[in-house]
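Presented below is the structure to which this report refers.
Derivation of every value follows stated rules applied to the coordinates shown; laboratory data play no part. This structure is a prediction, so every number in the text was calculated from the model and none was measured. Because the Cβ atoms are built from the backbone with ideal geometry, glycine has one as well, and the counts that use them run over all protein chains shown.
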Amino acid sequence: MAHGPPGGAGRQLVVDVTGKVRRPGIHRMPPGSRVIDALQAAGGVLRGASTPGLNRARLLTDGEQIVVGAAGAAGGGAGPVGAGGGGPGSGQPSAGGGQAGQAGPVSLSTATEQQLDSLPGVGPVLARHIIEFRTQHGGFTSVDQLRQVTGIGDRRFADLRPLVQP
């Protein structure tokens, strides 16, 4: 947990670390914490767990689940649950195949780059803008915040609104 920002006495992030770690479960992390900090809070990755797709430097978002060594996950790494496919360098490998709309609305707060990319009118650049916005703002509390993302105009917002949730 030493990787958080100095003076991080604000709201704590709550993350669920599950899979091949010593102490899976809910962990409270200071704002600015990274995946590596959550793994340390969970006692570390178990021997033999596959983690090549895990971006340990990625900033955490409140409410996300990190799955370590899940069978069928790309690279056996970690990523938010309910999110399919992780883009290159996202540290968020697939747990659901990456098809938007398969299991209902896409969560703006946990979706991976590939899952966002699969939405109509969203390509890899816009998907990265959405991820950057949520990282800077601690996630999405409203779908309307999507309007604040660079590259989302009124028409694109109208197309995306029924397909996403905070």
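What's the local net charge at Phe157, with K and R +1, D and E -1, over the other residues with C-beta under 9 Å away?
Neighbour charge sum, excluding Phe157 itself: +1.
Quote to one decimal, in nm, the extra length available between Arg28 and Thr141 on full extension: 0.36 nm per residue of separation minus the C-alpha distance between them.
38.8 nm
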